[in-house]
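Heads up: the structure comes next, in structure tokens.
Here, each number is a calculation from the coordinates, and none is a lab measurement. Everything numeric here is computed off the predicted structure, so don't read it as measured data.
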Amino acid sequence: MGDTLFDLPPVREAKLVPVKAHQRRVTALKPTARKSDPPTSHIASKAVRARAPRDRDRVLAYLKEHGPATDFEIAEALGGQQTSLGVRRGELRRMGLVEATGERRASPSGSPAIVWRAT
């Protein structure tokens, strides 16, 4: 550990299995609500399910066009919430389309945020 907050060990990435281009679209990632959840949770789940593919495409397009960025930078540029778009970016990472650069930048709170890039 170094002298500054940003001297952190690199982000450990899981080994990804190469996939063919036609397999990269995530169709099985469907946000769901439990049967015991209130009706509002089921409504929200349906809304996210409809929006998720488009948001994944927007995050990936942003990283390809603008280069590496944190979840906070992506959310600010796309006009979305960091938490929601971070989930979509995580799905892209699991698909092998996005990876951590090993770099960190300050988040709005000052804590280090992982910088991501399109693969």
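Taking amide H atoms as placed 1.01 Å from N in the peptide plane, the amide H of Val98 lies under 5 Å from those of Arg93, Thr119, each 5 or more residues away in sequence or on another chain.
For Glu103, the residues whose modelled amide H falls within less than 5 Å of its own, excluding neighbours fewer than 5 places apart on the same chain, are Val115. Computed from backbone phi, the HN-Hα couplings of region 48-55 come to 5, 4, 6, 8, 4, x, 5, 5 Hz, rounded to whole numbers (Karplus: 6.51 cos²θ - 1.76 cosθ + 1.60, θ = phi - 60°; Gly and Pro given as x).
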